[in-house]
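Here the structure is laid out as structure tokens; the discussion comes afterwards.
The values are calculated or read from the model by the stated rules, or taken from the named source; none is laboratory data. Just so it is clear, the model here is predicted, and its values are computed rather than measured. Glycine gets a Cβ as well: all are built from the backbone with ideal geometry, and neighbour counts include every protein chain shown. SASA here: full protein model, heavy atoms, side chains in, ligands and nucleic acids out. Shrake-Rupley method; radii C 1.70, N 1.55, O 1.52, S 1.80 Å.
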Amino acid sequence: MQKQRALIVGGSLGGLLAANLFRAIGWDVQVFERASDDLESRGAGIGLNDQLFDVFKRVGVTVDDSLGVVPKSRTCFDPLGKVLVEYKRGKVLSSWGRVYRSLKDTLPRENYHFGKTLSDFSQSGGRVLARFADGSRAEGDLLVGADGIRSTVRSHILPAVQPRYAGYIAWRGIIDESAMSPELHAAIFERNIICLPEGEMMSGYPVPGPSNDVRPGFRSYNLVWYHPVTEANLRDLCTDATGHCHGNSIAPQLIRPELIADMRALARRVLAPYCASFIEQIPKPFFQAIYDLQSPTLVVGRAVLMGDAAFVARPHVGMGVTKAALDAECLVDELSASGASIESALAGYDTQQREFGEGVVARARWIGAHLEAQNKPRELRTHAELHPDLQEFMHASGASLNEVPVLLQLVVARRARAQQRRLAT
Ligand SMILES: Cc1cc2nc3c(=O)[nH]c(=O)nc-3n(C[C@H](O)[C@H](O)[C@H](O)COP(=O)(O)OP(=O)(O)OC[C@H]3O[C@@H](n4cnc5c(N)ncnc54)[C@H](O)[C@@H]3O)c2cc1C
């Protein structure tokens with residue numbers, strides 16, 4: 001019997017997780033990635049969860065200490081640098097490149113195609129025909145849109161669904177451990193630091209270094225500083241020195257030097273000295289606008305959305321990759337359930353992962369509400385928006401999935417149902 005075939009659009013972490021899982025249930029799988037070469041250089045800090053490790057093990061990715069770095073504490077500094085709250089919490093923090101390498105190396109080369117940009121697709125009679133910008137085509141039983149926040153697959157099936165700007169950006173940067181001054185290293189390196197002046201939020205944590213090295217002396221430190229910016233000012237930030245506006249994002253090398261100087265000056269005024277000093281030492285700061293995205297359905301015919309193409313939660317929950325893994329896991333579990341037609345499997349996927357995705361997005365919005373509120377006049381902000389509860393914030397932001405019962409429960413229940421079905425066959 002001919003194998004069923006999944007066409008996966010997008011070869012980042014979500015697409016790779018799905019591809020490896022589809023292979024594990026015996027499907028033929030083809031990944032189409034628009035980039036022309038390995039994507040390794042992008043991305044910085046990625047929080048990993050036990051539920052993601054479960055999926056790694058299922059597809060044969062080794063889970064060991066080389067995956068990431070675990071900070072010794074979570075520490076909140078006040079603007080003068082005094083420790084306000086500190087507690088032990090160990091979440092594994094990795095880098096995009098480290099996770100990508102493991103997943104990519106697990107997938108046979110012939111299943112992954114670079115330089116393939118999906119332009120459109122059609123479906124009929126339970127088959128999908130995908131067309132690519134280079135004129136090539138591919139046919140399969142299922143089209144999986146793992147093509148991120150600006151998904152082409154989603155734009156065809158749900159054109160009205162668009163990312164919504166959250167009203168703030170994240171300035172980001174990374175410094176090699178060896179390049180940090182000894183004082184700064186001693187003060188922050190082993191810590192996941194938080195700084196929460198009014199209307200701002202900065203977080204920093206250790207991650208694997210260049211070449212994904214996790215040995216002491218060879219690691220890096222990653223910083224994310226959330227800062228409110230109106231939509232009009234975002235366009236100014238995305239305008240280069242020639243006056244050309246690049247939309248809502250801009251390549252790091254095109255950010256105007258005076259904007260970086262302004263950002264560093266603001267850091268000195270509002271952030272704890274350690275945080276400002278870190279920002280001073282970042283060689284190439286860049287920023288990303290923060291968005292929410294919520295899809296009302298994840299399935300139209302044989303086209304399926306997963307990962308960031310389906311839902312994007314603000315990074316405060318640190319769950320993007322785990323959510324993509326759980327989407328992929330649910331999809332293959334539904335498809336491999338005995339006796340299930342593809343249609344009923346997809347309906348099961350839609351119901352379960354929509355509920356999970358909505359829950360993750362809602363939680364991230366709640367954590368970031370005080371940042372979003374900064375674009376309102378001060379007198380219209382609620383007490384919680386002006387003064388977020390520090391303890392509550394420290395526990396919620398970046399918590400592992402095990403610490404969020406309402407979401408964990410959904411995963412545990414879904415996995416138990418899948419297990420029961422496996423045992424019944
Ligand atoms: C500031 C910030 C911090 C973050 N921190 C964390 C964190 O701590 N933990 C965490 O888990 N997640 C974090 N994330 C989110 C995480 O990076 C993503 O959620 C995760 O990578 C899953 O994304 P994806 O694979 O679905 O999509 P993406 O990674 O966006 O990949 C989409 C892929 O599709 C390709 N593509 C797009 N269009 C086409 C097309 N037409 N044809 C072919 N290919 C196409 C793209 O080139 C890309 O490779 C963070 C995000 C941000 C912005």
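Can you name the number of the only condition in (1) away from the ligand (no atom under 16 Å from the Cβ); (2) of a type in the set (D, E, K, R); (3) touching a strand residue (DSSP E or B) at 6+ places or on another chain (Cβ under 6 Å) that ARG264 fails?
Single failed check for ARG264: (3).
For region 156-171, state whether one or more residues are free of Cβ contacts under 8 Å to residues at least 40 places away in the same chain and either within 17 Å of the chain's Cα centre (by Cα) or assigned to a helix (DSSP H, G or I) (or both).
Checked against the condition, which is being free of Cβ contacts under 8 Å to residues at least 40 places away in the same chain and either within 17 Å of the chain's Cα centre (by Cα) or assigned to a helix (DSSP H, G or I) (or both), region 156-171 yields no hits at all.
Which members of region 223-264 meet the condition of being open to solvent by 40 Å² or more (accessible area, probe 1.4 Å), more than 20 Å from GLY173 (Cα to Cα) and assigned to a loop (DSSP other than H, G, I, E, B)?
Within region 223-264, THR230, ALA241, THR242, GLY243, HIS244, HIS246 meet the criteria.
Look at ARG74 and say whether it is crowded, with 20+ Cβ neighbours inside 10 Å and under 29 Å from GLY209 (Cα atoms).
Criteria met by ARG74.
Name the one entry in LEU380, LEU423, LEU386, LEU410 that is surrounded by fewer than 16 Cβ atoms within 10 Å (Cβ to Cβ), more than 16 Å from the ligand (Cβ to nearest atom) and closer than 22 Å to VAL317 by Cα.
The conditions single out LEU386.
Any chance you could count how many residues in region 118-135 are assigned to a strand (DSSP E or B), open to solvent by 30 Å² or more (accessible area, probe 1.4 Å) and not hydroxyl-bearing (Ser, Thr, Tyr)?
The number of residues fulfilling the criteria is 5.
Collect the residues in region 266-289 that are open to solvent by 30 Å² or more (accessible area, probe 1.4 Å), at pLDDT 90 or above and of a type outside the set (S, T, N, Q), keeping them in residue-number order.
Selection gives LEU266, ARG268, ARG269, VAL270, GLU280, PHE286.
Of all the strands (runs of 3 or more DSSP E) wholly in region 1-90, which have at least 3 residues that are under 27 Å from PRO273 (Cα atoms) and within 8 Å of the ligand (Cβ to nearest atom)?
Because the criterion is at least 3 residues that are under 27 Å from PRO273 (Cα atoms) and within 8 Å of the ligand (Cβ to nearest atom), the strands (runs of 3 or more DSSP E) in region 1-90 that meet it are 45-47.
Quick one: in region 138-179, which of the residues that are among the hydroxyl-bearing types (Ser, Thr, Tyr) and more than 10 Å from the ligand (Cβ to nearest atom) is surrounded by the fewest Cβ atoms within 10 Å (Cβ to Cβ)?
Top of the filtered list is SER178.
Of the residues that make up region 136-145, is at least one aliphatic (A, V, I, L, M), part of a loop (DSSP other than H, G, I, E, B) and farther than 29 Å from PRO405 by Cβ?
Looking through region 136-145, none of the residues is aliphatic (A, V, I, L, M), part of a loop (DSSP other than H, G, I, E, B) and farther than 29 Å from PRO405 by Cβ.
Among the residues of region 290-344, what is the count of those that are surrounded by 20 or more Cβ atoms within 10 Å (Cβ to Cβ), within 10 Å of the ligand (Cβ to nearest atom) and part of a strand (DSSP E or B)?
Total satisfying the criteria: 4.
Which pairs turn up if I take residues in region 288-316 that are touching a residue at least 12 places away in the same chain (Cβ under 8 Å) and look for partners that are in a helix (DSSP H, G or I) and among the acidic types (Asp, Glu) with beta carbon separation below 7 Å, at least 6 apart in sequence or on another chain?
Short answer, once both residue conditions are applied: GLN294/GLU358; THR297/ASP350; LEU298/ASP350; VAL299/ASP350; MET306/ASP327; GLY307/ASP327; ALA310/ASP327.
Looking at region 82-128, which of its residues are over 23 Å from ALA303 (Cα atoms) and hydroxyl-bearing (Ser, Thr, Tyr)?
TYR87, SER94, SER95, TYR100, SER102, THR106
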